[in-house]
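Below is one structure; the comments refer to it alone.
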Amino acid sequence: MANKITDKLEGQWKQHFDLEMSQDYMAQLRGFLKEEIAQEQIVYPPKELWFNAFQLTPFEDIKAVIVGQDPYHGEGQAHGLSFSVPDGIKIPPSLRNIYKELNRDLGLSIPKTGNLESWAKQGVLLLNASLTVRAGQAGSHSKQGWQRFTNSCIQLINEHKRGVVFLAWGRFAHDVCSQVDTSKHLVLKTSHPSPLGATKSGKDFTAFMGSGCFSEANRYLLEQGQKPINWQIQDLE
């Protein structure tokens, strides 16, 4: 797992992965994943896409981070990017609400594809806290070491970047982003975009629907002298 993935990375990601992959907890995680596969458990996403978010978004290009919890655990859904599904896969409910808020906030048309790769290629790190999951079993790999690994990646961004927007949707994402230095970065806290949470608000966060988080993110990037994100997802011809 270590050599193959680090061969595809450059710069700060490569250095960080080399360091983390040498740690005992990652060796234990590798052992767990090998055992899952040996027992013929179906693991999502496919192995070659476990680190897709890092391959599509170089560390040096990061402008924003969208934190998810688990990969989708249905067949064909997960491809290593939080909230995203490959072309041709039915758009999940949370992503439908994300598109609705983009339409309300920025007037963008609602696409027919759920593939968010174009965001990743613009510097939006679409990071799930766990990078694998057993088919049909949400949270099944969450306590095996992935969260320690992805937390280390967020801390790396926190320490070595400046002016990054963290889009923290839901309590889990709020906790993941709780150590981000808000004197250097912007953390936008809303409820989760799922149908159960999209319209709920709390003491320290707004409801996702109506939050205007995408236009707020772009305003901040412009203030930092960075190019804003083009949030419009283009459908395939």
Revision key, fill the gap. Residues of segment 130-148 being part of a helix (DSSP H, G or I), surrounded by fewer than 20 Cβ atoms within 10 Å (Cβ to Cβ) and hydrophobic (A, V, I, L, M, F, W, C), in sequence order, are none
Review point. Any idea which residue in segment 48-65 is farthest from Ser152 (Cα to Cα), counting only those that are under 12 Å from the mean Cα position of the chain (by Cα) and in a helix (DSSP H, G or I)?
Key: Leu56
Review point. Is it true that Leu222 is of a type in the set (A, V, I, L, M), open to solvent by 30 Å² or more (accessible area, probe 1.4 Å) and either assigned to a helix (DSSP H, G or I) or at pLDDT 95 or above (or both)?
Key: yes
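Working only within segment 195-237, note down all residues that are among the hydroxyl-bearing types (Ser, Thr, Tyr) and either in contact with a strand residue (DSSP E or B) (Cβ under 9 Å, 6 or more places away or on another chain) or farther than 26 Å from Pro86 by Cα (or both).
Thr199, Ser201, Thr206, Ser211, Tyr220
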Check your understanding: Given Lys8, Lys47, which one is more than 26 Å from Asp175 (Cα to Cα), touching a residue at least 40 places away in the same chain (Cβ under 8 Å) and open to solvent by 10 Å² or more (accessible area, probe 1.4 Å)?
Key -> Lys8
Revision key, fill the gap. Residue count, segment 184-203, condition assigned to a loop (DSSP other than H, G, I, E, B) and not small (Gly, Ala, Ser), comes to 9
Check your understanding: What residue, among those in segment 174-208 that are charged (D, E, K, R) and open to solvent by 70 Å² or more (accessible area, probe 1.4 Å), is farthest from Leu126 (Cα to Cα)?
Key -> Lys203
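The values are calculated or read from the model by the stated rules, or taken from the named source; none is laboratory data. Note that the coordinates shown come from a computational prediction; the quantities given were computed from them, not determined experimentally. Positions of Cβ are generated from backbone atoms using ideal geometry, with glycine treated the same way; all protein chains shown enter the neighbour counts. Heads up: the accessible areas ignore ligands, DNA and RNA and are worked out on the full protein's heavy atoms, side chains in. Shrake-Rupley method; radii C 1.70, N 1.55, O 1.52, S 1.80 Å.
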